[in-house]
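Structure, as structure tokens:
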Amino acid sequence: MDAKSEGDHVEVLRLWILGVLLLGLLGTVTELVLLSHYEQPLQLVPVVLIVLAIVAFVWQWFARDTMSLNIILVLMALFVLAGFLGVIAHFEGSAEFQRDLDPSMSTWELLVKVFRAKAPPLLAPGMMLQLGLLGLAYGLSDRRYRERAKRIFGFARVKEQVR
């Protein structure tokens, strides 16, 4: 495969990643708003991050500049962090509720109840993690980052073997 067709394949994959990512962003922010996930200041974090990401992706689509791409990468790293912190916040909220219901339960019983709780759903913030990783894949697969990585790490061009 020559360099041009390889680059074309990567660009097609990038467009698919962007499409899936935007679908996930729009779906997630819609769900968060419908669930009133903005009643406490901490609950606004994913909503604000998603709105900022949508703005950054629209900016990047039209400008195609390095600044917008760097902002996307920073935002996506924040998505990953928010995903991990969100799981912790959901765990704490659910554990506090379960302790209020039955302060005498054992640690194991508490863990089982928290993992099975429907509200707040323990792993729901994992969606932010997934969106962040998709966004990082999109951003880091940009031609400019691929070329920089080749220069920095001295990647040797591996030719595809004939099958």
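The values are calculated or read from the model by the stated rules, or taken from the named source; none is laboratory data. Here the structure is a predicted model, which means the values were calculated and not measured. Please note: Cβ atoms are built from the backbone with ideal geometry, for glycine as well, and neighbour counts cover all protein chains shown.
When we screen 51, 47, 20 for residues that are surrounded by fewer than 16 Cβ atoms within 10 Å (Cβ to Cβ), within 21 Å of residue 141 (Cα to Cα) and modelled with pLDDT of 95 or more, the only hit is 20. Is it the case, given these coordinates, that residue 42 is in contact (Cβ under 8 Å) with a residue 24 or more places away in the chain, touching a Phe, Trp or Tyr at 6+ places or on another chain (Cβ under 9 Å) and not basic (Lys, Arg)? So residue 42 fails the test. Applying the criterion of being surrounded by 11 or more Cβ atoms within 10 Å (Cβ to Cβ) and of a type outside the set (Asp, Glu) to the residues of segment 98-110, the residue that is farthest from residue 51 (Cα to Cα) is 105.
Report whether or not residue 127 is buried (at least 16 other Cβ atoms within 10 Å of the Cβ), among the aliphatic types (A, V, I, L, M), assigned to a helix (DSSP H, G or I) and out of contact with any Leu (no Cβ under 9 Å at 6 or more places or on another chain). Judged against the criteria, residue 127 is a match. Quick one: is residue 113 surrounded by 12 or more Cβ atoms within 10 Å (Cβ to Cβ) and of a type in the set (D, E, K, R)? Against the criterion (surrounded by 12 or more Cβ atoms within 10 Å (Cβ to Cβ) and of a type in the set (D, E, K, R)), residue 113 qualifies. Taking the numbered list (1) closer than 20 Å to residue 44 by Cα; (2) over 14 Å from the mean Cα position of the chain (by Cα) in turn, residue 95 passes all entries but (1). Farther than 19 Å from residue 31 by Cα, crowded, with 18+ Cβ neighbours inside 10 Å and not polar (S, T, N, Q), is that true of residue 145? Taking the combined requirement at face value, the residue does not satisfy it. Taking (1) part of a helix (DSSP H, G or I); (2) more than 30 Å from residue 145 (Cα to Cα); (3) touching a residue at least 24 places away in the same chain (Cβ under 8 Å) in turn, residue 121 satisfies each apart from (1).
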